[in-house]
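All remarks here apply to the structure that follows.
A short reminder: the numbers here are calculations on the coordinates, not readings from a lab. Here the structure is a predicted model, which is why all the values come from computation and not from measurement. A quick note on method: Cβ atoms are made from the backbone with ideal geometry, for glycine too, and the neighbour counts reach across all protein chains shown.
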Amino acid sequence: MQQVRIIPCLDVTQGRVVKGVSFLELRDAGDPVAMGEHYSEAGADELVYLDITATTSARTTMVDLAAQVAERALIPFTVGGGVDSLAVASSLLRVGADKVSVNSAAVRDPHLIREIADVYGNQCVVVAIDVRRTRGDYEVVTHGGTRPTGLELSAWLDRVQQEGAGELLVTSMDQDGQQAGYDRALYAKVLAETDVPVIASGGVGSLDDFLAGATLGVQGLLAASVFHFGTFTVGQVKEYLGRAGVVVRSGDEGA
């Protein structure tokens, strides 16, 4: 079994980390810089910061925050939400972000993926894909899951690969915050239709959910609520997965 990365996700709005259910009913979870530093010290392999209201508010993302995180967190981190141009991506990467995540802007203009990849390399471009089940299939949604696009998941997977996506962050909006487990059918579909590394997001509520995700073949397991509100530590998740035979980095390696 390939090594799997454990990735806390920090949804940010108005300078605070929040978490809700399907991006609604948001609860305050803490200071994003302090939490990033904590997860770095706790053995997380990476961090993902998502400005969840940047697109709906028609503003760019959090460059100042990225600079502060780069000073205090000693692990790779991705920033997304409001990344709608090469210039915005450049500003984030220049202050210390390791990757940028594009979502709504890429659906609007898929060439944005290629623009960033051509300048900084495919490894710096994460395409975040939010989906909902519809008529037995999956539809891509944007703007924090609020806008249906009519775009079928398979067609979008094909396009983002052509444009040079280096990684896919796939979130089930139906499962997000539900703590009922990853949508296994969704990730089986994505893995069957793409060669790009995949991070699974949306639905973790138990240690067994992490294990189920790891056995799918994804490269990363992203979670928020269970870490932010103290259900599990990163170390507990890694220990559990390691005992089950999943290859994970040790806490020292992740710090």
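Put a dot 7 Å past the Cα of residue 118, heading toward its Cβ, do the same for residue 149, and the two dots end up 2.1 nm apart.
How large is log10 I(q)/I(0) at q = 0.28 Å⁻¹ when the Debye formula is applied to the Cα atoms of the stretch 135-185, each weighted equally and without solvent? Scattering profile of the stretch 135-185, log10 relative to I(0): -1.27.
Note on the chain: with a GNM built from Cα contacts shorter than 10 Å, the maximum mean-square fluctuation among 121, 80, 230 falls on 230.
Think of the stretch 5-249 as having a plus end and a minus end, set by charges on the Cβ of Lys, Arg, Asp and Glu; of 220, 164, 181, 181 sits farthest toward the positive end of this dipole.
Amide H contacts for residue 11 (H built 1.01 Å from N in the peptide plane; partners 5 or more residues away or on another chain; cut-off under 5 Å): 18, 50. In this structure the amide hydrogen of residue 198, modeled in the peptide plane, comes within under 5 Å of the amide hydrogens of 168, 219, 220, none closer than 5 places in sequence on its chain. Within the listed set 166, 242, 145, the Gaussian network model of the chain (springs between alpha-carbon atoms below 10 Å) gives the highest mean-square fluctuation for 242.
Model label sites at residue 94 and residue 188, defined 7 Å from Cα along the beta-carbon direction, differ in position by 4.7 nm.
Proximity of backbone amide H atoms, modeled 1.01 Å from N, is registered between residue 174 and 133 at under 5 Å, excluding neighbours fewer than 5 places apart on the same chain.
Entry for the chain at q = 0.11 Å⁻¹: log10 I(q)/I(0) = -0.51, Debye formula applied to identical alpha-carbon scatterers, no solvent contribution.
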